[in-house]
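The values are calculated or read from the model by the stated rules, or taken from the named source; none is laboratory data. Source: prediction; values computed, not measured. Positions of Cβ are backbone-derived with ideal geometry, glycine not excepted, and every protein chain shown enters the neighbour counts.
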Amino acid sequence: MPIPHPTMYREHRARLIAELAREGAAAVLPTATLKVRNHDSTYRFRPDSDFWYLTGFAEPEAILVLLGGLPDAEDEDLRAPRSVLFLRERDPEQETWTGRRLGIEAAPEALGVDEARDTAELWESLPDLLAGYARVHYRTGLDERRDREMLRVVDRLRGRARTGSPPVAELVDPATLVHELRLFKSPEELERMRRAACVTREAHLAAMEATAPGVGEEEIDALIEYTFLRRGCTGAAYTNIVAGGANACILHYVENDQPLADGELLLIDAGAEHEYYAADVTRTFPVNGTFSEEQRALYEVVLDAQLAAIAEVRPGVPFDRAHEVATERLVAGLLRLGLLEGEPQAIIAEGAHRRFYMHRTGHWLGLDVHDCGAYSDEGGASRALAPGMVTTIEPGLYIAPDDETVEARWRGIGVRIEDDVLVTAEGAEVLTADIPKTVEEIEAACAGSHLDAVRS
């Protein structure tokens with residue numbers, strides 16, 4: 001993809017470097033490696049999310065080194081914080097086979113890094129770059145070969161201790177620092193997430209209009225993917241779930257290969273990824289365009305729970321509160337419909353509702369669809385929401401097709417409704433609010449009534 005404007009990524013690096021400077025630390029942050037799909041064919045490359053957050057650079061074999069600075073160093077260059085990007089050099093012959101490269105000469109201006117070097121020099125250069133840093137942030141366990149090389153670098157630095165250079169005393173996971181920064185989205189990041197949400201809206205509306213009895217799940221899946229790509233997104237943020245009928249009772253159903261039947265529901269969980277920032281949206285709607293009495297009853301229970309949960313999203317409220325409220329509303333609805341019996345609080349305490357609702361109500365969203373960031377504070381309590389966080393709100397009900405404890409008319413119905421919600425200073429903004437979700441809106445969208453706005 002084209003090199004984005006570097007300002008946002010420079011600001012991300014500056015915030016991390018400031019944290020490193022406070023620790024007197026450095027960080028070594030590789031991008032992802034190419035993954036083999038089969039034989040000699042690889043999957044389309046997707047950069048590591050932490051690396052992308054700090055660089056906006058989407059080529060493989062790159063490593064970012066951030067240095068917090070050594071205030072007591074004799075060399076003035078070592079006292080100042082700086083960023084060094086290792087990347088592949090230009091190679092016209094290789095580029096003919098595998099695509100264009102940015103190259104070392106162009107990287108500093110294009111990406112805003114202080115210095116660029118050839119990735120082939122990384123392991124020889126690292127000991128000198130990291131000399132004097134007692135703490136180095138580096139994540140192990142992702143690439144065995146790279147880990148071995150990093151440990152050799154640490155051994156070389158410890159060998160220098162005899163010459164008076166402080167050895168590396170700690171090799172620590174950078175996630176504690178980087179993921180806390182990523183949890184709070186900047187206006188520029190939110191712009192990308194809003195674009196992902198906009199394209200996701202178009203895809204869901206197109207799917208609602210195209211769905212009919214006899215259409216295949218795979219056709220709707222392809223339409224969604226096509227919409228994401230034709231609108232300039234990097235693709236789907238995760239594997240699309242296009243689950244007709246009882247397939248919706250499989251939470252991560254991804255086969256997407258069955259015909260859609262008259263009288264059933266279709267659950268679509270699909271979100272676009274724009275410049276690697278994700279949307280995550282679920283809508284459930286009738287294949288023939290009209291809810292049955294039982295489908296509508298369950299759908300409205302889930303919608304009531306979702307709206308109540310969204311109302312709890314505001315600064316200072318514990319993250320878990322939305323799940324608690326959604327669970328309470330779902331249980332109340334199941335009791336009204338006769339699908340559960342007993343006292344609401346006892347049902348929740350015993351977990352009797354979990355055969356119908358077995359997952360949580362939300363998760364962080366950002367560069368990863370299940371984005372990074374702690375859900376609990378240091379004491380283990382649910383973390384308080386704060387402006388800049390983005391969470392999904394996604395309650396659901398799933399009546400297994402073989403559940404003989406309920407009447408046959410309920411079996412095989414699965415409903416989930418999911419939106420992306422930004423915590424603001426005043427409360428919350430639903431980034432995906434304009435995707436139909438009331439019964440009336442859904443049925444209108446299935447009839448094509450929303451398509452003029454999409455096609456304009």
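All of (1) free of Cβ contacts under 8 Å to residues at least 40 places away in the same chain; (2) in contact with a Ser or Thr (Cβ under 9 Å, 6 or more places away or on another chain) hold for Glu188 with one exception: (1). Condition check: within 18 Å of Ala26 (Cα to Cα), surrounded by fewer than 14 Cβ atoms within 10 Å (Cβ to Cβ) and of a type in the set (A, V, I, L, M). Does Ala175 satisfy that? So Ala175 fails the test.
Is there a residue being among the polar types (S, T, N, Q), modelled with pLDDT of 95 or more, crowded, with 20+ Cβ neighbours inside 10 Å and under 27 Å from Asp377 (Cα atoms) anywhere in the range 312-328? There is at least one residue in the range 312-328 that is among the polar types (S, T, N, Q), modelled with pLDDT of 95 or more, crowded, with 20+ Cβ neighbours inside 10 Å and under 27 Å from Asp377 (Cα atoms). Report yes if Gly333 is small (Gly, Ala, Ser), within 31 Å of the chain's Cα centre (by Cα) and over 30 Å from Thr176 (Cα atoms), otherwise no. So Gly333 passes the test. I'd like the residue in the range 200-220 that is in contact with a helix residue (DSSP H, G or I) (Cβ under 9 Å, 6 or more places away or on another chain) and free of Cβ contacts under 8 Å to residues at least 40 places away in the same chain and, out of all such residues, is surrounded by the most Cβ atoms within 10 Å (Cβ to Cβ). Per the criteria, the residue is Glu219.
When Gly141 is tested against (1) under 24 Å from Pro71 (Cα atoms); (2) assigned to a loop (DSSP other than H, G, I, E, B); (3) free of Cβ contacts under 8 Å to residues at least 40 places away in the same chain; (4) of a type outside the set (A, V, I, L, M), only condition (1) is not met. For the range 380-404, a residue qualifies if it is outside any loop (DSSP other than H, G, I, E, B), within 12 Å of Phe356 (Cα to Cα) and either out of contact with any helix residue (DSSP H, G or I) (no Cβ under 8 Å at 6 or more places or on another chain) or among the small types (Gly, Ala, Ser) (or both), and exactly one does: Gly396.
The one condition from (1) modelled with pLDDT under 95; (2) within 23 Å of the chain's Cα centre (by Cα); (3) loosely packed, with under 15 Cβ neighbours inside 10 Å that Glu11 does not meet is (1). Looking at this structure, is Glu275 in the same structural domain as Ile224 (by TED's automatic domain parsing) and either more than 25 Å from Ile224 (Cβ to Cβ) or among the hydrophobic types (A, V, I, L, M, F, W, C) (or both)? It is false that Glu275 is in the same structural domain as Ile224 (by TED's automatic domain parsing) and either more than 25 Å from Ile224 (Cβ to Cβ) or among the hydrophobic types (A, V, I, L, M, F, W, C) (or both). One residue is enough: does the range 405-419 have a residue meeting the conditions in a loop (DSSP other than H, G, I, E, B) and either loosely packed, with under 15 Cβ neighbours inside 10 Å or outside the structural domain of Ala197 (by TED's automatic domain parsing) (or both)? Yes - at least one qualifying residue is present in the range 405-419.
If we keep just the residues of the range 192-211 that are among the charged types (D, E, K, R) and farther than 24 Å from Tyr375 by Cα, which is farthest from the chain's Cα centre (by Cα)? Break it down into steps so the answer makes sense when it comes.
Taking the range 192-211 and keeping what is among the charged types (D, E, K, R), we get 192, 194-195, 201-202, 209.
Pick out the ones that are also farther than 24 Å from Tyr375 by Cα and you get 195, 201-202, 209.
Numbers: Arg195: 15, Arg201: 17, Glu202: 20, Glu209: 27 Å.
Applying the filter and picking the extreme gives Glu209.
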